Amino acid sequence: MTSSTQTVLGLETSCDETAAAVVRRSADGHVKVLSSVVGSQIAAHAPYGGVVPEIAARAHVESIDAIALQALKDAGLGFGDLTGVAATAGPGLVGGVMVGLAFGKAVALARDLPLVAVNHLEGHAVSAKLAADLPYPFLLLLVSGGHCQLLSVDGVGACRRLGSTIDDAAGEAFDKIAKTLGLPYPGGPALEALAEGGDAERFPLPRMLLGRKDCDFSFSGLKTAAARIAEGLTTKDERRDLAAAVQAAIARQLAERSDRAMAAYAVEHEGRDLRFVVAGGVAANRAVRARLTETSDARGFSFTAPPLAYCTDNAAMIALAGAERLALGLSDPLDAPARPRWPLDAAAANANPTHVPGRKGAKA
Ligand code: KG4
Ligand code: ZN
């Protein structure tokens, strides 16, 4: 079944942002963000240098009602104007996920609306569609604080993983190295600001996974090397140059691995339009965008990145992921569980759980 216009309330509470948004998607796929409210908890977590799950869950409980109502108000709509509710159901910090999902279920039950339990990664995957006309299929580089993977996205919910990090996610690498440089949380934007005007050649850093034939990533060697250099630094100039070197090294690895994936993807999609999309918090980084734009151009791929506000966690992307599913007649029961671990490509993740393989299986 394909249906008419969807007007969806999206809810996002999987990490340290409490977010709600209203997105309208017409039957022809045209997308309009009617509102997008993001309540950041950065100030609450900053003293600890990272996200504290208990603090995050409490903060979500305290603000979700007001933020959801604000999103409806900004859109000029009431609950009665909605055609569905979409809430992140994982992967993420389970205490937070439960808050948004429970809120979404309550709205769905009270208003007799369909619920979509959205995979947060599927939200990032569609985030570039919030501001650009972007049809399926496309090659996606998903780079955030918790994830670093290359995916062939062939349609709604149809993702195949081409590569993934074998240790840290790219955003995690930015955050950890920023910490060793004495920068505040979240480290990515702070490191980008410090790197401005720096000499990226001053400190040589290791190039990870050079020559490896797959599309996997690794940042732990870079992290160790940067930490060792950071210990001996005394001047602001030196710290700036190390930040520039780190940023360049991460951007280069993302581009090199994407280049490999593009080569394979182009063979599989011969004769079709080739599209490359980068999404997730690290897609906000200008050096990363510049490197990926060059790589896309060289490989004959179009390049799309979401506007900065939709790179980091937001609920508009969750609402759109929900709207795309509702348009196909897909929804979830009201007992849909919160899933702290929920790989987009379950088959690939279980066969090769490269990122943080826990006792309970692949995280993402
Ligand atoms: O997508 P996101 O908001 O949350 C997750 O789902 O993980 O991504 C947050 C990550 C953090 O690691 C943050 O440091 C990084 O994205 N980030 C950046 C920049 N802005 C955010 N990394 C590098 N440069 C930036 N400008
Ligand atoms: Zn995210």
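Observations on the structure shown:
- Reachable aspartates and glutamates, given that their alpha-carbon falls under 14 Å from the alpha-carbon of Lys213 and they are not under 8 places away in the same chain: Glu256, Asp259
- Within the shell of other residues whose beta carbon sits under 9 angstrom from the beta carbon of Gly90, the net charge comes to +2, with Lys and Arg scored +1 and Asp and Glu -1.
- Of the peptides 221-231, 278-288, the ranking by mean beta-carbon count within 10 Å, highest at the top, reads 278-288, 221-231.
- Net length gained if the chain between Leu330 and His30 were fully extended (0.36 nm per residue, minus Cα distance): 106.1 nm
- Binned Cα-Cα distance frequencies in the range 136-204 - 5 Å width, integer %: 4, 16, 17, 17, 15, 13, 9, 6, 2
- Antiparallel content of DSSP bridges confined to the range 138-305, in %, to 5: 60
- Most positive-pole-ward Cα, Gly221, Thr234, Thr304, against dipole of the range 138-305 from beta carbon charges: Gly221
- Counted by Cβ distance under 13 Å from Thr224, the other residues give a net charge of 0, where Lys and Arg count +1 and Asp and Glu count -1.
- Taking the Cα centre of the chain as origin and assigning +1 to Lys and Arg Cβ atoms and -1 to Asp and Glu Cβ atoms, the resulting dipole is close to 460 debye.
- Label-point separation in nm, Arg286 to Arg202, each point 7 Å along Cα→Cβ: 1.9
- Dividing the summed -39500 (n - 2.57) terms of all DSSP H runs of n ≥ 4 by the residue count of the chain sets its mean residue ellipticity at 222 nm at -13500 deg cm²/dmol.
- Of all DSSP beta bridges in the chain, antiparallel share, percent nearest 5: 65
- Simple point charges give the picture: +1 on the Cβ of Lys and Arg, -1 on the Cβ of Asp and Glu, and for the range 134-227 a dipole about the Cα centre of about 240 debye.
- Two-site FRET efficiency, Phe79 against Asp297, from Cβ-Cβ distance with R₀ of 41 Å, rounded to 0.05: 0.35
- Note that the range 235-323 carries a Kirkwood radius of 14.6 Å, evaluated over its alpha carbons pair by pair.
- Label point distance in nm, Ala110-Glu270, each placed 7 Å from Cα along Cα→Cβ: 5.7
- Against the empirical curve 2.2 N^0.38 Å, the C-alpha radius of gyration of the range 138-305 lands at a ratio of 1.03.
- Largest first, the extents of the alpha carbon coordinates of the range 49-115 on the three principal axes equal 40, 22, 15 Å.
- Relative packing of peptides 193-199, 299-305 - highest average C-beta neighbours within 10 Å first: 299-305, 193-199
- Dipole magnitude of the range 138-305, debye to nearest 20 (Cβ charges: Lys/Arg +1, Asp/Glu -1, about Cα centre): 140
- The chain - convex hull of the alpha-carbon atoms, volume per residue in Å³: 134
Coordinate-derived values only; no laboratory data. As the structure is a prediction and not an experimental result, all values here were calculated from the model. Every residue, glycine as well, gets a Cβ built from its backbone with ideal geometry; the counts of neighbours run over all protein chains shown.
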